1. Which of the residues that make up the stretch 93-107 are under 18 Å from Ala11 (Cα atoms), at pLDDT below 90 and not charged (D, E, K, R)?
2. Looking at the stretch 61-89, which of its residues are under 28 Å from Gly20 (Cα atoms), at pLDDT 90 or above and not in a loop (DSSP other than H, G, I, E, B)?
3. Return the residue satisfying two criteria in turn: it lies in the stretch 37-60 and is at pLDDT 90 or above, within 12 Å of the chain's Cα centre (by Cα) and of a type in the set (A, V, I, L, M, F, W, C), and of such residues it is surrounded by the fewest Cβ atoms within 10 Å (Cβ to Cβ).
4. Please work out which residue is least open to solvent (accessible area, probe 1.4 Å), limiting yourself to the stretch 16-36 and to residues that are in contact (Cβ under 8 Å) with a residue 40 or more places away in the chain and assigned to a loop (DSSP other than H, G, I, E, B).
Amino acid sequence: MGGIDLYWSPAGAHTARAYGPGYAVVALAVGAAPYLDIGDPPADTAEGALAATTPRLATGAELARISATPGIRTRPTTRLGYIPLAPAALGDVDAILFLPRLDPPAA
């Protein structure tokens with residue numbers, strides 16, 4: 001965002017800290033949404049590591065493996081309103097609902 005690196009945890013991660021292990025945080029991630037100018041993710045990003053799959057729930061164990069992968073990086077974007085997965089933040093969620101591709105909504 002304008003050359004400034006920003007980092008924040010999802011609201012659910014803050015709630016989980018307040019309410020403990022009985023609360024699960026599930027994030028949503030998108031592989032590609034061409035109609036929103038979000039192309040296919042680079043292979044060396046968290047979205048790229050998940051992209052070869054069908055829509056699914058990625059578990060905490062898989063997210064830990066991805067975040068520990070050497071060379072994994074945050075996906076670059078110029079699209080305001082789209083926040084890519086940061087490898088360091090994958091530990092802030094219990095799972096990610098991953099959608100490999102979003103198509104435009106039906107009219």
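The values are calculated or read from the model by the stated rules, or taken from the named source; none is laboratory data. Predicted model, so just to flag it, every value in this text is computed and none were measured. Here the Cβ is made from the backbone with ideal geometry for all residues, glycine too, and neighbour counts use every protein chain on show. Only protein heavy atoms, including side chains, enter the accessible area calculation; ligands, DNA and RNA are left aside. Shrake-Rupley method; radii C 1.70, N 1.55, O 1.52, S 1.80 Å.
1. Val93
2. Ala61, Glu62, Leu63, Ala64, Arg65, Ile66, Ser67, Pro87
3. For the stretch 37-60, the residue satisfying everything is Leu57.
4. Val25
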